[in-house]
Amino acid sequence: MKPKVIIMSGYGINCEKESKHAFEEAGAEAEIVHVNDLISKKKDMKNYNIMFFPGGFSYGDDTGSGNAFANKVKNNLWPSLQRFIAEKKLIIGVCNGFQIMSNLGLFALEDVDYGNRNNALLWNNQNRYEDRWIYLKHEDSRCVFTKNINLTRIPIAHGEGKFFCDEETLKKLESNKQIVFKYCDEKGNPANNIFPINPNGALKDIAGICDKSGRILGMMPHPERGLYSVNEPEFHMKKDEAIRNKKEIPKYIESNFQIFKNAVEYVVKQNGL
């Protein structure tokens, strides 16, 4: 039996197919489910092991990025989501999914329960949408999704990706190893809030965080869009160089693919599948 992944969908979400494909490549069985089908009980989140909130522009981001989708979940599915978390299942959100999860308050601290929002994703410093490839450095975190990841190159695409929280929350995130990814240069050196290495002005260069258990991850960059080597902007240059040197280019960008593999392996191990 394969781990089952629910890919959350709704009006304005646009990364469902890439997300589904990434999990299937990692060995899971993934299904795209519209939020209305959960509300109407056509589908039940209890039948899944992993939940994925994909990127996009849910409800046009008209009331703030991820806010309307989060309210729909909070008002209709909160008890089911609480059970999902209590059963120690995995949740990951990317870009708009991270914004949705932040609005839901899913990044609980050691002394704070779920449902209490403690961070925000604000407008990028330059007040415009940024679509580029950047580098991420994995911090010493408790996140189960990021085992064996150090440095990775990955695409971003957002207008509201500037991570922010108050000083007390930041200290708790740091002390409990809940800061997962930070923006950096190609050698892993800190971005130090320098654009475009830090593409949005995020506090302390933070690109991703997890909850107190390490089983809930939110990140702005898109691993599902950077799964294959062919996705990289310099692919053809690297391909020509590899041909001249009689080498092969790897199929996957393993440091991005590892996020999905780690999730699947965790579920397999925990459930004896």
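The values are calculated or read from the model by the stated rules, or taken from the named source; none is laboratory data. Keep in mind that what you see is a predicted model, and the values were worked out from it rather than measured. All Cβ positions, glycine included, derive from the backbone under ideal geometry; neighbour counts span all protein chains shown.
Observations on the model:
- Qualifying residue in the stretch 67-87 (condition: at positive phi and touching a strand residue (DSSP E or B) at 6+ places or on another chain (Cβ under 9 Å)): no
- Of all residues in the stretch 10-27 being surrounded by 24 or more Cβ atoms within 10 Å (Cβ to Cβ) and in contact with a strand residue (DSSP E or B) (Cβ under 7 Å, 6 or more places away or on another chain), the one that is farthest from VAL94 (Cα to Cα): PHE23
- Summed over the stretch 96-129, the residues that are of a type outside the set (Gly, Ala, Ser) and either part of a loop (DSSP other than H, G, I, E, B) or modelled with pLDDT under 95 (or both) give a count of 19.
- Any hit, the stretch 70-84, residues being under 29 Å from GLU254 (Cα atoms) and either assigned to a loop (DSSP other than H, G, I, E, B) or touching a residue at least 24 places away in the same chain (Cβ under 8 Å) (or both): yes
- Flag if LEU217 is of a type outside the set (D, E, K, R), at negative phi, within 13 Å of the chain's Cα centre (by Cα) and modelled with pLDDT of 95 or more: yes
- Beta carbons closer than 8 Å, at least 6 apart along the sequence or on distinct chains, pair a first residue in the stretch 261-273 that is in a helix (DSSP H, G or I) with a second that is among the polar types (S, T, N, Q) for ASN262/THR146; ASN262/ASN148; VAL267/ASN49; ASN271/ASN49.
- Candidate set: the stretch 223-253, residues that are assigned to a helix (DSSP H, G or I) and within 16 Å of the chain's Cα centre (by Cα); chosen: the one farthest from LYS4 (Cα to Cα): ARG225
- Taken over the stretch 236-259, the criterion of being of a type in the set (A, V, I, L, M, F, W, C), surrounded by fewer than 24 Cβ atoms within 10 Å (Cβ to Cβ) and either under 24 Å from CYS95 (Cα atoms) or modelled with pLDDT of 95 or more (or both) is satisfied by ILE253, PHE257.
- Residue pairs meeting the criteria (Cβ under 9 Å; at least 6 apart or on separate chains; first under 18 Å from LEU136 (Cα atoms), in the stretch 169-188; second hydroxyl-bearing (Ser, Thr, Tyr) and part of a loop (DSSP other than H, G, I, E, B)): LYS177/SER141; GLN178/SER141; ILE179/SER141; VAL180/SER141; PHE181/SER141
- Residues in the stretch 118-147 that are under 27 Å from VAL267 (Cα atoms) and basic (Lys, Arg) were compared, and the one that is surrounded by the most Cβ atoms within 10 Å (Cβ to Cβ) is LYS137.
- Within the stretch 148-162, being closer than 27 Å to TYR252 by Cβ and surrounded by 15 or more Cβ atoms within 10 Å (Cβ to Cβ) holds for ILE149, THR152, ARG153, ILE154, PRO155, ILE156, ALA157, HIS158, GLY161.
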